[in-house]
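The values are calculated or read from the model by the stated rules, or taken from the named source; none is laboratory data. Keep in mind that this is a model prediction, so the values were computed, not measured. Please note: Cβ atoms are built from the backbone with ideal geometry, for glycine as well, and neighbour counts cover all protein chains shown.
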């Protein structure tokens, strides 16, 4: 039989599937690349936007920095822009009056010699009320801050201040009888009872500074020129420019800057810079010697250096009755102990003087 016919060749495969597949890959690749380009474009746009915003903020910061840090100005410009209130506490600004310089010029008749009470102090009238005005060169903010916190009958009261052309002017309550130094060296103007009352007033004011102020303070410059007398000859302590806080703890501090008035400074302060309440105790002992003898500190020092004992000076020159002098002599001796730890506290001094004053009043009433 004839051989079977060969099987028909398989139908030719269509080329369209491979072409279609190839085109699919092309489209897919194009889509990926296109998407990447789109994302890149979006990213670039975002980057440019962020960079532009950052640059704007940087320019703003630079501008702020430039305006905050102005170029150096002349001394006159700096003084005109200086705000004296910057160094003062908020309480000070709220409670004290800020005077205009013209007010003080008017009160003191332009700071004439007739208004002067010695040194840089003046008296005058502001709105009809008497006032003491003290000119201070340099920064007075610490003294103002301190005085604004103190409230005691025997501490001079600060009512306000003024800042003008680099100087401070502090305005105090009026002490019509001036400073203690103008009175105690006269042999006839103050009675023994008045002198003891003044001594007790000073001790009471210092006791307030030492034991009731928060934090405690040491005056550091107690002398007869820094005590003022009102119309009843009651004493008020002033000029607290050197006052210093002893803080908490040991109750003393050390300093390299020894300041104060010659003749009133304690040995431990002169030799070691030790500042404690005992420094004021020593100065009070010197001042009490002045009050009861009528001699200033330079006279007392000269006589002591000449060989006279303090006890002899007090007994011989005292204005006090003979029966009371011995108690004052003992108190002065205790205050002037070289070892500061052996000096009494101001509270003990107040108690002792209160007893002596009571005895003096009884003595006066019996004559």
- Message: Given the condition touching a strand residue (DSSP E or B) at 6+ places or on another chain (Cβ under 7 Å) and within 17 Å of residue 202 (Cα to Cα), answer yes or no: does some residue in region 278-297 qualify?
- Response: yes
- Qualifying residues in region 96-115 (those that are in a loop (DSSP other than H, G, I, E, B) and within 23 Å of the chain's Cα centre (by Cα)) - the one farthest from residue 213 (Cα to Cα): 100
- Message: Taking the criterion of being in the same structural domain as residue 358 (by the TED database) and touching a residue at least 40 places away in the same chain (Cβ under 8 Å), would at least one residue in region 250-257 satisfy it?
- Response: no
- Message: Looking at 128, 87, 118, can you tell me which residue is at pLDDT 65 or above and under 16 Å from the mean Cα position of the chain (by Cα)?
- Response: 87
- Sole miss for residue 130 among (1) surrounded by fewer than 17 Cβ atoms within 10 Å (Cβ to Cβ); (2) out of contact with any helix residue (DSSP H, G or I) (no Cβ under 8 Å at 6 or more places or on another chain); (3) assigned to a helix (DSSP H, G or I) is condition (3)
- Exactly one of 276, 298, 289, 245 is modelled with pLDDT of 90 or more, out of contact with any helix residue (DSSP H, G or I) (no Cβ under 6 Å at 6 or more places or on another chain) and closer than 29 Å to residue 356 by Cα, and that one is 276
- Task: Would you mind stating whether residue 295 is free of Cβ contacts under 8 Å to residues at least 40 places away in the same chain and closer than 25 Å to residue 190 by Cβ?
- Result: no
- Message: Within region 304-326, take every residue that is within 39 Å of the chain's Cα centre (by Cα) and closer than 20 Å to residue 262 by Cα and give me the one that is surrounded by the fewest Cβ atoms within 10 Å (Cβ to Cβ).
- Response: 305
- Note on the structure: Note on region 153-169: residues crowded, with 16+ Cβ neighbours inside 10 Å and in a strand (DSSP E or B) are 155, 158, 159, 160, 161, 162, 163, 168, 169
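Please pick out the residue among 211, 207 that is in contact with a helix residue (DSSP H, G or I) (Cβ under 7 Å, 6 or more places away or on another chain), at negative phi and surrounded by fewer than 18 Cβ atoms within 10 Å (Cβ to Cβ).
It is 211.
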- What tally of residues in region 266-293 results from selecting those that are assigned to a loop (DSSP other than H, G, I, E, B) and buried (at least 20 other Cβ atoms within 10 Å of the Cβ)? 1
